[in-house]
Amino acid sequence: MKIERIVTGTLDENCYVLKNNGTCLVIDPGDDYDKIKEIIGDDKVLAVLITHSHFDHIGALRNFLKKKSIKIFKKSNVQDEGVYTIGDFTFQTIYTLGHSSDSISFYFTQEQVMFVGDFIFKDGIGRCDLPTGDEKQMQQSIEKIKKYPQEITLYSGHGDITTLKQELESNPYLH
């Protein structure tokens, strides 16, 4: 699986395009649909995965909603945490509430990568003082994520890529 990052919008949100065998998934299409479409190229979009519904993560979603064949994965239409397969992509959904009441992370176990939106950043976590944010839920999500393999690469909604191991060692919010 190939992962490409596109920085979009005024808040420099990270949109990711995951490619495999002529198909792709789009994670958090923040804005700048033309930039995202350019990275997609001729690959067939199978689904759009939304880590949470803040405006900076869904600005270009309307462009994908026009195509009925594209599945949309977000907390409101994922009934339970579990494993899903779309085409050649298999991932686990993990509720990671705290930054928002609809925060969800997507863990691709075979590749050891997790897309965490604004749940965890390099040396930080998402704000809990926005509407539907909750510090207690954030702490519960942090405790949940600590049980996953430390080798996981974390792809956040803003900023740099990191690993769970690095965050467990240096992120003050994970201590």
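The values are calculated or read from the model by the stated rules, or taken from the named source; none is laboratory data. Just so we're clear, the structure is a prediction, and the values are computed from it rather than from any experiment. Quick reminder, even Gly has a Cβ in these numbers, built from the backbone with ideal geometry, and neighbours come from all protein chains shown. Protein only, heavy atoms only, side chains kept; ligands, DNA and RNA dropped before computing areas. Shrake-Rupley method; radii C 1.70, N 1.55, O 1.52, S 1.80 Å.
Specify whether the C-alpha gyration tensor of region 21-92 places it in the rounded, prolate or oblate class, a ≥ b ≥ c being the square roots of the eigenvalues: rounded for a/c under 1.5, otherwise prolate if a/b is larger than b/c and oblate if not.
oblate
Do any GluC sites (Glu not before Pro) in region 98-175 lie in a loop, going by DSSP, with at most 16 other beta-carbon atoms within 10 Å of their beta carbon, and if so which?
Answer by residue number: Glu111, Glu151.
Under the rule a/c < 1.5 gives rounded, and otherwise a/b versus b/c splits prolate from oblate, where does the chain land using the Cα gyration tensor?
Values: a/c = 1.59, a/b = 1.42, b/c = 1.12.
Prolate, since a/c reaches 1.5 and a/b exceeds b/c.
Need the list of lysines near Lys144 for cross-linking: C-alpha distance under 16 angstrom, and skip anything on the same chain fewer than eight residues off.
Straight-line reach from Lys144, under 16 Å: Lys136, Lys165.
Among the DSSP beta bridges whose two residues both lie in the chain, what percent are antiparallel, rounded to the nearest 5?
70
Of all trypsin sites (Lys or Arg not before Pro) in region 23-82, which ones are in loop regions per DSSP and have a Cβ with at most 14 other Cβ atoms within 10 Å? Mind dumping the intermediate values first?
Numbers: sites: Lys35, Lys37, Lys44, Arg62, Lys66, Lys67, Lys68, Lys71, Lys74, Lys75; in loops: Lys66, Lys67, Lys68, Lys74.
Qualifying residues, ordered by number: Lys66, Lys67, Lys68.
Pop out the carbon and sulfur fraction of the accessible area of the chain as a percent, whole number, probe 1.4 Å.
Working: 4050 of 8510 Å².
Exposed carbon and sulfur together represent 48 percent of the surface.
At most 12 other Cβ atoms within 10 Å and a DSSP loop assignment: could you name the GluC sites (Glu not before Pro) in region 1-71 that fit?
Taking region 1-71 and a limit of 12 other Cβ atoms within 10 Å, no loop GluC sites (Glu not before Pro) are found.
Compute the separation of the alpha-carbon centres of region 80-126 and region 134-175 and state it in Å as a whole number.
So the separation of the two Cα centres works out to 11 Å.
Report the net charge of residues surrounding Ser141, where surrounding means a beta-carbon distance below 15 angstrom and charges are Lys +1, Arg +1, Asp -1, Glu -1.
Here the count lands on -1.
If you take every DSSP beta bridge whose two residues both sit in region 1-81, what share of them, in percent to the nearest 5, is antiparallel?
60
Could you list, in their original order, any pairs among Lys44/Lys75; Lys68/Lys122; Lys44/Lys147; Lys19/Lys74 whose Cα atoms are separated by more than 31 Å?
In this structure, Lys68/Lys122; Lys44/Lys147 lie more than 31 Å apart at Cα.
Send over the semi-axes of region 115-175's equivalent ellipsoid, whole angstrom and largest first, taken as the square roots of 5 times the C-alpha gyration tensor eigenvalues.
Semi-axes (√(5λ), whole Å): 18, 13, 10.
For Lys35, which aspartates and glutamates qualify as cross-link partners when the Cα separation must be under 18 Å and same-chain residues fewer than eight apart are set aside?
Glu4, Asp12, Glu13, Asp43, Asp56
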